Amino acid sequence: MFEGFAQNVRPAGAAAREAVVDIGSNSIRLVIFDGPRRAPAPICNEKALCGLGRDMTPEGALNPTAVDYALATLRRFRRLLAAHGEPPTTTIATAAVREAKDGKAFVKAARALGFDVRVIDGAEEARLAALGVVSYEPGATGLVGDMGGGSLELIGVDQGEIRDSASLSIGPLRLMQQTGGKVADAEAIIAQALDGVGWLKADGLGDGGRFGTLFSVGGAWRAVARIHMRLRGYPLSVLHHYELSDDEAVEICDLLSKQSRRSLEEIPGIPRRRIDTLPYAALVLKAVLKRSGARRVMVSAGGVREGVLYDRLGAEERREDPLLAGCRFFAGRLAPEPAMGEAVFQFTDGLFAEERPQQRRLRMATCLLCDIGAYFHPDLRAAQAFDIAARAPFYGVTHQERAAMALALYCRHGGRMPTRPDEQALDLLSEDEQTRALRLGLALRLAGSFAPKAPDALAGCGVRLEKDALVFRAPATVRELMFELPRRRLAALAAACGAEPIEEYY
C-alpha cells in the first residue's frame, strides 16, 4: 500500500479554507483555497486589473485613479471574505507599492479596511514564486520566471531546491513608462537588465549545461501561452503544465511583440486592460529564453500566492504527492465510498506487474477517482468522469497523464465504446498508453460490477495476466458475487488483453 493512501480528506467548510490577497503592480487578486493543504484548490479567484503601477506620477506616486479603484476592489474583497466565514487571510503587496513614494499611505488605507498588508521585497517575491512552482511540480529543475506588472523575478531551482535568484525592474508596466510606449525601445532595457544576472549566463540547470525548462508564472506570460494554445487548436483548456518548445515560444513572442493594438484586439481571449502590456511581456519572455538557453516553456499555475501556502507546510506535508492529495479530495467529495480507490488499486496490481514507478503512481491516482461519476445520470457518468480527470485542478501531472486518466475513467463507466469522448485529447497519447488506459478502465469496470461500492468485498480479490490467460482470483466466500454482469466484464477485460478469462477461487 502506498504511504498516505488512507489519509482522511480535509473537512469542508470555512474552517478548512485559506485566502491570499495579492496586490500587484497591474492586478489585485483574491484567491480563497479549499481542499487538502498539499493541493489546495481555488474555489474563489477574483481579479481586478487596477494598474497601480500604470501611469505613476512624475514624482513616483501611485496613479490616484488606480488607488481609488484598488481600494474599492479591496472593500469588495473584504465583503467576500466575510461571506466565506473570514478564512485566515494573508495579504501581500509587491513592486508598485514597495517602490512608490506614497506606498506607505496606500498600505495604511488598506489596513484601515481590515487587510494586514505585508510589503515584500524582490528577494522574498522571488522565493515565494519559486515555492509556488515547486509546490505544484515536486522536484522541479530549471528556471522560474515570474512576470509581474512592475518586475520580473528569476529563480534557479534544482530538484525543488532554490538556487540563485534575481528581481529585475522590467515588468511590462515599468517598460511602458521607460519607453514612452515605444515597444522597440524596450529591447535594450531588457538586455541591460539581464546582463546584470551573471548566473543566468553561466552553466544552468538541466541538459547540456542549460536551463532545460523555463517555468512560466504570471498573468502576462500565461496570456501569451493561452493565445498560443488557441492558435494551435490545442484540445485541453488547462493552462497548468502546458508546454511550448523554445522555438514555439519565440515564434509567438515575435508575433505578439510586433502586432498593433488593433490586431491584438482581434485575438479572442485577451483582456483589454492587458493588451498594451502584452508586447512588452512577450519581448521579455523571448529575451529570457535566449539568454538562459531554456529549451522549453512550461506554464505553472503555482506562483507567489501558492508559495505563501506552501511556505507554511511542514516537511512531512511537503513530501506528500500533490496529485494523490488532490485525487483523494475529489474522491471524498464525489464518490459514495472513497475507500474503493485503495481496494481497486490492490485489485489491479497483478494486471500491471511490470509497470514503472511513474505508471504505478498514475494508476493509483486513477483508482482513487474510480467512482467520481457515481452521482451523475448513468448516461453521463463516462463523459463527466472524463472531463473531471482532464480539466480538474490537479497538480504534479502532465497533460498526457491527464488524458490517460481521463480515458481510463471513461472506459470504467462506458466500457469499450466504439466512439471516443475527445479524439483530439487522446491524440496526446501513444497507442501503448491508450491500450494501458483501456485495460485499467475495464479492470475498474469489472471491480465496480463485482463489488459495487463495497471495498471490503474486494479484499483478497485480483486479476493477473498469465501467458494467454486472464485470471480472476477471489476468496470462495465471495464467489456468489460473480454473476452475469461481472462475468461479461471479465470477458471484456480478457479480450482487451488478448487472453482467455479464468476464474479461480480459494
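Of all the numbered requirements in (1) under 29 Å from Ala459 (Cβ atoms); (2) acidic (Asp, Glu); (3) part of a loop (DSSP other than H, G, I, E, B), Glu342 misses one, and that requirement is (3). For Glu266, the requirement of being within 19 Å of Glu187 (Cβ to Cβ), assigned by the TED database to the domain that holds Ala186 and charged (D, E, K, R) is not met.
Go through the range 422-506 and tell me which strands (runs of 3 or more DSSP E), entirely inside it, have 1 or more residues that are among the aromatic types (Phe, Trp, Tyr). Please lay out each step first, then the result.
On the way: elements: 462-466, 469-474, 500-505.
Per the criteria, 469-474, 500-505.
Take the range 95-123 and flag every residue that is assigned to a helix (DSSP H, G or I), surrounded by fewer than 18 Cβ atoms within 10 Å (Cβ to Cβ) and at pLDDT 95 or above. Selection gives Lys104, Ala105, Lys108, Ala109, Arg111, Ala112. In the range 108-127, the residues that are more than 17 Å from Glu86 (Cβ to Cβ) form Cβ pairs under 8 Å with partners that are among the acidic types (Asp, Glu), at six or more places apart or across chains, as follows: Gly122/Glu153; Glu125/Asp146; Glu125/Glu153; Ala126/Asp146; Ala126/Glu153. I'm trying to understand the selection: among the residues of the range 65-94, which are assigned to a helix (DSSP H, G or I), within 19 Å of Pro42 (Cα to Cα) and in contact with a helix residue (DSSP H, G or I) (Cβ under 7 Å, 6 or more places away or on another chain)? Once the filter is applied, which keeps residues that are assigned to a helix (DSSP H, G or I), within 19 Å of Pro42 (Cα to Cα) and in contact with a helix residue (DSSP H, G or I) (Cβ under 7 Å, 6 or more places away or on another chain), the range 65-94 yields only Leu74.
Considering the range 64-94, and only residues there that are open to solvent by 30 Å² or more (accessible area, probe 1.4 Å), within 25 Å of Arg37 (Cβ to Cβ) and hydrophobic (A, V, I, L, M, F, W, C), the residue that is nearest to the chain's Cα centre (by Cα) turns out to be Leu80. Scoring Leu255 on the criteria (1) open to solvent by 60 Å² or more (accessible area, probe 1.4 Å); (2) over 26 Å from Leu194 (Cα atoms); (3) aliphatic (A, V, I, L, M) leaves a single failure, condition (2). The residue list Gly396, Gly373, Gly332 contains one member that is closer than 30 Å to Glu124 by Cα, small (Gly, Ala, Ser) and out of contact with any Ser or Thr (no Cβ under 6 Å at 6 or more places or on another chain), which is Gly396. Figure legend. Inter-residue proximity from the range 240-252: first residues without any contact (Cβ under 8 Å) to a residue 60 or more places away in the chain, second residues open to solvent by 20 Å² or more (accessible area, probe 1.4 Å) and basic (Lys, Arg), beta-carbon distance below 6 Å, spacing 6+ or different chains. Indicated pairs: Ser245/Arg296; Asp246/Arg295; Val250/Lys286. Ala294 fulfils the conditions (1) modelled with pLDDT under 95; (2) surrounded by 24 or more Cβ atoms within 10 Å (Cβ to Cβ); (3) among the small types (Gly, Ala, Ser); (4) more than 30 Å from Asp195 (Cβ to Cβ) except for a single criterion, (4).
This table checks each residue for (1) within 20 Å of Ala437 (Cβ to Cβ); (2) open to solvent by less than 10 Å² (accessible area, probe 1.4 Å); (3) out of contact with any helix residue (DSSP H, G or I) (no Cβ under 9 Å at 6 or more places or on another chain).
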| site | (1), (2), (3) |
| --- | --- |
| Gly307 | no, yes, no |
| Gly332 | no, no, yes |
| Pro336 | no, no, yes |
| Met340 | yes, yes, no |
| Gly350 | yes, no, yes |
| Glu354 | yes, no, yes |
| Pro357 | yes, no, yes |
| Arg363 | yes, yes, no |
| Pro378 | no, no, no |
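For the residues Ala496, Ala492, Ala469, the requirement of being open to solvent by less than 70 Å² (accessible area, probe 1.4 Å), more than 39 Å from the chain's Cα centre (by Cα) and among the hydrophobic types (A, V, I, L, M, F, W, C) singles out Ala469. Quick one: is Gly415 of a type in the set (Gly, Ala, Ser) and either touching a Leu at 6+ places or on another chain (Cβ under 6 Å) or within 30 Å of Ser300 (Cα to Cα) (or both)? In short, no.
Could you please give the count of residues in the range 151-178 that are touching a residue at least 12 places away in the same chain (Cβ under 8 Å) and farther than 23 Å from Ala294 by Cα? Quick ask: steps written out before the conclusion?
As a first pass, look at the range 151-178 and keep what is touching a residue at least 12 places away in the same chain (Cβ under 8 Å): 151-160, 162-177.
Then drop every residue that is not farther than 23 Å from Ala294 by Cα, which leaves 173-177.
The number of residues fulfilling the criteria is 5.
For the range 410-418, the criterion of being surrounded by 24 or more Cβ atoms within 10 Å (Cβ to Cβ), in the same structural domain as Ala343 (by the TED database), touching a residue at least 60 places away in the same chain (Cβ under 8 Å) and in a loop (DSSP other than H, G, I, E, B) is met by no residue. Any residue that is modelled with pLDDT of 95 or more, in contact with a His (Cβ under 8 Å, 6 or more places away or on another chain) and among the hydrophobic types (A, V, I, L, M, F, W, C) - is there at least one of those in the range 27-44? Yes, the range 27-44 has at least one match.
The values are calculated or read from the model by the stated rules, or taken from the named source; none is laboratory data. Everything numeric here is computed off the predicted structure, so don't read it as measured data. Virtual Cβ from ideal backbone geometry, glycine too; neighbours counted across all protein chains shown. For accessibility, only protein heavy atoms count, side chains too; no ligands or nucleic acids. Shrake-Rupley method; radii C 1.70, N 1.55, O 1.52, S 1.80 Å.
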